[in-house]
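Please read the structure below before turning to the comments.
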Amino acid sequence: MTDKTIHRRGPLASLAALAAAALLVLSACAAPAGESAVEPSGAATNASVDASADPAGEGPATDSTAAPQGQPAELTAYEGIIGAPPTDPVAVPEDISAWIVSCGQVQGTCSTPSEGVATAAKTLGWESNICDGQQNPNGWANCIRQGIAAGADTILVIGQDCSSVQGALQEAKDAGIMTIGVGGNDCDIDGGEPLYSGTTVQFGGMTNEEWWNTVGELQGEWLIDQTDGQVKLLDVIFETPRFGTWLNDGLHAAMADCESCEIVSTLSLSVSDAASGQLAPKLSSALVQAPEANAVAIPIDGWFMAGLSQVIESSGRSDELAVIGAFGQTANLELIAAGQGQDASVAFNLEWDGWAGVDAALRLMDGQEIRPGGTGLQVVDAENNMPAPGADFSYNPEVDFKAAYQQAWGR
């Protein structure tokens, strides 16, 4: 247990209007059944709810110069952004088999959205199977091929870009099987031919790239606050998936706004490092080589459970380092609460991602465009947004995304 001080507030002005608008929409979603909430005149609208107006999540940028009446002009990383699932109805076909490709069941950041898909599928009366991709491209591709062989109606791939499983996705496409990238990007993002039938959209009013930029920006803003604007960062980069680059871009943008902050060292890590057990040794070496570092940003919380928290604790510098991750898994929240090698996380509900994947499949089956899922972001540390011991992360204010989806699905 450490005795480091966690600051209670840190400014995040660039997200003010977006967060305020999202909170207004959240209030609208909380209206009693059969009633419609009234939005203040001129208030910004979250496209994750008004999905028909912006089905791809790429609508006009939110006005960052003003917040709706009654909302503060400047919000914090702890308030973040909060969205809501789509509300427009969609038809639900029967006798559907969903095949779920987990990026690696040993990682909570893979198992949680996979189980979210399975739970949502069960709600619809669908059959589902989770295939463990075991944290490597061959495993992911093999799982897709198993889904093809099993005659699945839809294959939902958790967290993987098309480029990592291109051959297997082409085989699924040739077999006429719907594939959904849950939290992953299609091949057209690199100039290739799209192979997924569709991919989930994280949040209305912003592209997935901008959403991941926001994750990194929130990390940076928290670190700046914790170090009183004197960040000396050991920058850990997840080099393989596109989201790792986008997250890092947002972190660098936040750092660029801090004249007295600097990146003192960079460590690039990959999927192969995770699979081969090299994450912890590489971070240990990087910490030794960067004695001046007072901050560490980790792009994925699952890595703390693969030895990174122990490395930070055993370095003898845990009390001196401000350490933030991303994803906000329950096991990581326990580390944060205990002060064991992790101090904060940019949290979002990964089970919600799984439900959004099922909704995306439903929309395509019904001839609709995929709607933004509305997955929000909030920073959690020992003193802010921390749930009860052992409980999963929950947005503040809370969002009952399951009830919202079930209403849209007629359940």
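Tabulated data
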item	result
Qualifying residues in the range 91-117 (those that are buried (at least 20 other Cβ atoms within 10 Å of the Cβ) and hydrophobic (A, V, I, L, M, F, W, C)) - the one nearest to ALA403 (Cα to Cα)	VAL117
Selection within the range 226-242 - surrounded by fewer than 24 Cβ atoms within 10 Å (Cβ to Cβ) and either within 15 Å of VAL346 (Cβ to Cβ) or of a type outside the set (S, T, N, Q) (or both)	ASP228, GLY229, LYS232, LEU234, ASP235, ILE237, PHE238, GLU239, PRO241, ARG242
Yes/no for GLU217 being among the acidic types (Asp, Glu) and buried (at least 24 other Cβ atoms within 10 Å of the Cβ)	yes
Condition check for ASP225: over 23 Å from ILE144 (Cβ atoms), in a helix (DSSP H, G or I), of a type in the set (D, E, K, R) and touching a Gly at 6+ places or on another chain (Cβ under 8 Å)	yes
Residue match in the range 343-358 (condition: of a type in the set (D, E, K, R) and closer than 30 Å to ILE177 by Cβ)	yes
Helices (runs of 4 or more DSSP H) wholly inside the range 300-411 that include at least 3 residues being free of Cβ contacts under 8 Å to residues at least 60 places away in the same chain, of a type in the set (Val, Ile, Thr) and touching an Asp or Glu at 6+ places or on another chain (Cβ under 8 Å)	none
Condition broken by ALA77, with the remaining ones in (1) more than 25 Å from TRP222 (Cβ to Cβ); (2) at pLDDT below 95; (3) crowded, with 22+ Cβ neighbours inside 10 Å satisfied	(1)
Close pairs (7 angstrom Cβ cut-off, 6 or more residues apart or separate chains): basic (Lys, Arg) in the range 227-248, assigned to a strand (DSSP E or B) and crowded, with 22+ Cβ neighbours inside 10 Å anywhere	LYS232/ALA295
Qualifying residue in the range 248-257 (condition: more than 22 Å from the chain's Cα centre (by Cα), surrounded by fewer than 17 Cβ atoms within 10 Å (Cβ to Cβ), modelled with pLDDT of 95 or more and closer than 30 Å to GLY184 by Cβ)	yes
Only one of ASP153, ASP132 that is buried (at least 17 other Cβ atoms within 10 Å of the Cβ) and within 28 Å of GLY328 (Cα to Cα)	ASP132
Residue tally, condition in contact (Cβ under 8 Å) with a residue 12 or more places away in the chain and either buried (at least 21 other Cβ atoms within 10 Å of the Cβ) or under 20 Å from ILE312 (Cβ atoms) (or both), over the range 271-287	9
Residue count for the range 141-199, restricted to those that are more than 29 Å from ASN349 (Cβ to Cβ) and either in contact with a Lys or Arg (Cβ under 8 Å, 6 or more places away or on another chain) or among the charged types (D, E, K, R) (or both)	5
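Residue-by-condition table, conditions (1) of a type in the set (Ser, Thr, Tyr); (2) more than 28 Å from ALA408 (Cβ to Cβ); (3) in contact with a helix residue (DSSP H, G or I) (Cβ under 7 Å, 6 or more places away or on another chain):
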{"site": "SER128", "(1), (2), (3)": "yes, no, yes"}
{"site": "GLN134", "(1), (2), (3)": "no, yes, no"}
{"site": "ALA141", "(1), (2), (3)": "no, yes, yes"}
{"site": "GLU171", "(1), (2), (3)": "no, yes, yes"}
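The values are calculated or read from the model by the stated rules, or taken from the named source; none is laboratory data. Not measured: the values here are computed from a predicted model. Positions of Cβ are backbone-derived with ideal geometry, glycine not excepted, and every protein chain shown enters the neighbour counts.
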